[in-house]
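K.L.:
My questions all concern the structure below.
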Amino acid sequence: MQETDRQREARKRWEIYKTAGQQAHLQGQIVQSELSWLSSLEEAETLGEASQQLVISLEGLSEVYWAQCKYAMAAPLCRRLLRIYETTLGTDHMDVAVIANNLAMLYHSWKKHEDAERFYRQALAIKQQHLPENHPDIVTLLASYARLLYETNRKEEADMLKATSPAFAQTWKRSGTWAAHK
């Protein structure tokens, strides 16, 4: 399908807004970043539901909302991203796990524990299919999930999770530098 002049112009404007949003965020100008990401989202909406521009804009804007603790605004964007990724990439894709983990962290911070747990479990199920059990992503995810269990007065479950997960096992580490002998 041939790209129209209108779509080409929308892509150009989108690129300008996206870049401005990224730069403002890096410089700590969160309000300006939010405005730029909102403009990028407006342009991306004209390019289709599965466009890369739409996904990038949704991720950028949700990250800005997260940074501002605007969880009620970030959640619908992340849920939309999750639906797009599940539809286009499949339900067991690692990018689906990343978005599910982001949703879990968002809901956990928002104290919506039931939603957080559901998304922690989804992210864990996917990551455990693709990564070794002691991978840092899994260790971090399990630690966050255990923290949620402790916070919701489910100490036994949290302790059991930690006891049965090889990711929590302590291992002896060597530096390999032998710096003490120099």
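K.L.:
For the Cα atoms of the chain, what angle does the longest principal axis make with the long axis of helix 5-26, in degrees from 0 to 90, nearest 10?
P.N.:
40 degrees
K.L.:
Around His130, under 14 Å between beta carbons, what's the net of Lys plus Arg minus Asp minus Glu among the other residues?
P.N.:
-3
K.L.:
Longer than 19 Å from Cα to Cα, which of Lys70/Lys127; Lys70/Lys111; Lys18/Lys127; Lys70/Lys155 are they? Say none if no pair is.
P.N.:
Pairs exceeding 19 Å: Lys70/Lys127; Lys18/Lys127; Lys70/Lys155.
K.L.:
So, by mean Cβ neighbours within 10 angstrom, what's the order for 33-45, 137-149 with the highest one leading?
P.N.:
Taking the mean over residues of other Cβ atoms within 10 Å, the ranking is 33-45, 137-149.
K.L.:
In degrees from 0 to 90, rounded to the nearest 10, what is the angle of the helix 155-164 Cα long axis to the longest principal axis of the chain?
P.N.:
80 degrees
K.L.:
Now for a separate question. Identify, among Trp14, Ala143, Tyr85, the residue whose Cα sits farthest towards the positive end of the charge dipole of the chain, taking +1 on the Cβ of Lys and Arg and -1 on the Cβ of Asp and Glu, with the dipole about the Cα centre.
P.N.:
After comparing all options, I get Ala143.
K.L.:
Same structure again: Compute the acute angle (0 to 90°) between the alpha-carbon long axis of helix 94-109 and the principal axis of greatest extent of the alpha-carbon atoms of the chain; round to the nearest 10°.
P.N.:
80 degrees
K.L.:
Next question. For Arg80, what charge total do you get from the other residues with a beta carbon under 12 Å from its beta carbon, if Lys and Arg give +1 and Asp and Glu give -1?
P.N.:
Around Arg80, the surrounding residues sum to -2.
Quick note: the coordinates plus some simple rules give every number you see, no bench work behind them. In this text the structure is predicted, and so the values were computed from the model without any measurement. Because the Cβ atoms are built from the backbone with ideal geometry, glycine has one as well, and the counts that use them run over all protein chains shown.
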